[in-house]
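Right, one structure below, let's go through it.
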Amino acid sequence: MAAGATGPDDTGPHRTGRQETPEERADRRWTDLLQEVRVAQTGSQVLFGFLLSVVFMPRFAQLDQFDRNLYVATVVLGALATGSLTAPAAYHRLLSGRRLKPQLVDAAARLVGVGLVLLALTIGSALLLLLREAVGGAAAGWITGAVMAYFAVCWLLLPMLHLRHRDGRDKRPPRG
């Protein structure tokens, strides 16, 4: 971007963002997104692999119908999370070299967001299934609810508070 020009990350004479072309921004965002996916995807795949093996355990036959249905829902959520978190690789493979990187990054970012929600739901339902066996129904529900609330705080509330703090509520210049 030319000196003095403005874009989404810079706002005139007091800009704090980067001076990069749309292509450079897309490349940076793609690299950042891949780092995020590497973390979430590994956990999703390990959890999904573990879930696939549960049905073959001798104790599985003793589960009541609710727990069997919960298991099926957990496995489906895990498959969907894994699919959403690996989708950026497929997008990249199909769209690479077609000068669509900004669109690729936006679509992949949305899929990763969906994948993270599905991963949280997978973890929650797997935790509920496990805790129903370990501590019983009511306690399992309360513990799972507390863990999911913690996820909501860490994954949603804290980032939103940081955005709110940055987007006009705090007029101090950024550190750095």
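Quickly run through the range 110-122 and pick out the residues that are in contact with a helix residue (DSSP H, G or I) (Cβ under 7 Å, 6 or more places away or on another chain) and either open to solvent by 40 Å² or more (accessible area, probe 1.4 Å) or within 19 Å of residue 66 (Cβ to Cβ) (or both). Walk me through it before giving the result.
The initial filter retains those residues of the range 110-122 that are in contact with a helix residue (DSSP H, G or I) (Cβ under 7 Å, 6 or more places away or on another chain), namely 111-112, 114-116, 118-122.
The answer is 111, 114, 116, 121, 122.
Picking from 117, 105, 112, 153, which residue would you name as being farther than 30 Å from residue 24 by Cα and not hydroxyl-bearing (Ser, Thr, Tyr)?
Being farther than 30 Å from residue 24 by Cα and not hydroxyl-bearing (Ser, Thr, Tyr) holds for just one of 117, 105, 112, 153, which is 153.
Restricting the search to the range 53-81, which residues are open to solvent by 80 Å² or more (accessible area, probe 1.4 Å) and either under 24 Å from the mean Cα position of the chain (by Cα) or within 14 Å of residue 129 (Cα to Cα) (or both)?
Those that are open to solvent by 80 Å² or more (accessible area, probe 1.4 Å) and either under 24 Å from the mean Cα position of the chain (by Cα) or within 14 Å of residue 129 (Cα to Cα) (or both): 59, 62, 65, 66, 69, 72, 80.
Does residue 73 meet the test of being among the small types (Gly, Ala, Ser) and out of contact with any Ser or Thr (no Cβ under 7 Å at 6 or more places or on another chain)?
No: the conditions fail for residue 73.
If residue 89 satisfies every condition in (1) farther than 27 Å from residue 156 by Cβ; (2) of a type outside the set (Phe, Trp, Tyr); (3) free of Cβ contacts under 8 Å to residues at least 60 places away in the same chain but one, which is the exception?
(1)
Yes or no: the range 81-103 includes at least one residue that is of a type in the set (Val, Ile, Thr) and within 21 Å of residue 70 (Cβ to Cβ).
Among the residues of the range 81-103, at least one is of a type in the set (Val, Ile, Thr) and within 21 Å of residue 70 (Cβ to Cβ), which makes the answer yes.
I'm trying to understand the selection: among the residues of the range 123-141, which are within 30 Å of residue 38 (Cβ to Cβ) and surrounded by fewer than 21 Cβ atoms within 10 Å (Cβ to Cβ)?
So the first thing to find is which residues in the range 123-141 are within 30 Å of residue 38 (Cβ to Cβ), and the list is 123-131.
Once the filter is applied, which keeps residues that are within 30 Å of residue 38 (Cβ to Cβ) and surrounded by fewer than 21 Cβ atoms within 10 Å (Cβ to Cβ), the range 123-141 yields 124, 127, 130, 131.
Taking interchain pairs and intrachain pairs at least six residues apart, which have beta carbon atoms under 9 angstrom, with the first residue in the range 151-165 and at pLDDT 95 or above and the second open to solvent by less than 90 Å² (accessible area, probe 1.4 Å) and among the aliphatic types (A, V, I, L, M)?
Partner pairs satisfying both residue conditions: 151/120; 151/123; 152/120.
The values are calculated or read from the model by the stated rules, or taken from the named source; none is laboratory data. Quick caveat: nothing in here was measured; it's all calculated off a predicted structure. Every residue, glycine as well, gets a Cβ built from its backbone with ideal geometry; the counts of neighbours run over all protein chains shown. Please note that ligands, DNA and RNA were not included when accessible areas were found on the heavy atoms of the full protein model with its side chains. Shrake-Rupley method; radii C 1.70, N 1.55, O 1.52, S 1.80 Å.
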